[in-house]
Amino acid sequence: GIYVCAKCGHELFSSRAKYEHSSPWPAFTETLRGDSVAKREERPGALKVTCGKCGNGLGHDFLNDGPRRGQSRF
């Protein structure tokens, strides 16, 4: 399936990019498209993530914290 922004319906992530993580929130390795989200550095190693269309807050992109070396976790 496709995960969309709760505020505007913009397509964000594919269920194929979802994986199990120890956090209580869904975790994804990549966005659906290049314009799905916008990112800005919040602190070293973590980027604030917002919807690429409406700016709704979506959480963070944790750099190098994905299931494989070098992958990020959304």
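The values are calculated or read from the model by the stated rules, or taken from the named source; none is laboratory data. Not measured: the values here are computed from a predicted model. Here the Cβ positions follow ideal geometry from the backbone for every residue, glycine too, while neighbour counts run over all protein chains shown. Surface areas here come from the heavy atoms of the whole protein model, side chains and all, with no ligands, DNA or RNA. Shrake-Rupley method; radii C 1.70, N 1.55, O 1.52, S 1.80 Å.
Report, ordered by the first and then the second residue, all pairs with beta carbons closer than 6 Å, sequence separation of six or more or different chains, a first member in the stretch 2-23 that is of a type in the set (Asp, Glu), and a second member that is open to solvent by 70 Å² or more (accessible area, probe 1.4 Å).
Close Cβ pairs (under 6 Å, with a partner that is open to solvent by 70 Å² or more (accessible area, probe 1.4 Å)) amount to 11/2; 11/4.
Tally up the residues in the stretch 27-46 that are open to solvent by 40 Å² or more (accessible area, probe 1.4 Å) and in contact with a strand residue (DSSP E or B) (Cβ under 6 Å, 6 or more places away or on another chain), please.
6
Conditions tested, residue by residue: (1) in a loop (DSSP other than H, G, I, E, B); (2) at pLDDT 90 or above; (3) on the phi < 0 side of the Ramachandran plot.
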| position | (1), (2), (3) |
| --- | --- |
| 21 | yes, no, yes |
| 34 | yes, yes, yes |
| 40 | no, yes, yes |
| 50 | no, yes, yes |
| 58 | no, yes, yes |
| 61 | no, no, yes |
| 65 | yes, no, yes |
| 68 | yes, no, yes |
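What number of residues in the stretch 3-21 are open to solvent by 80 Å² or more (accessible area, probe 1.4 Å), under 15 Å from residue 59 (Cβ atoms) and out of contact with any Pro (no Cβ under 8 Å at 6 or more places or on another chain)?
The number of residues fulfilling the criteria is 2.
Could you list, ordered by first residue, the pairs with Cβ atoms under 7 Å in which the first is in the stretch 47-58 and open to solvent by 50 Å² or more (accessible area, probe 1.4 Å) and the second is modelled with pLDDT under 95 and basic (Lys, Arg), at least 6 apart or interchain?
From residues that are open to solvent by 50 Å² or more (accessible area, probe 1.4 Å), the pairs are 48/39; 48/40.
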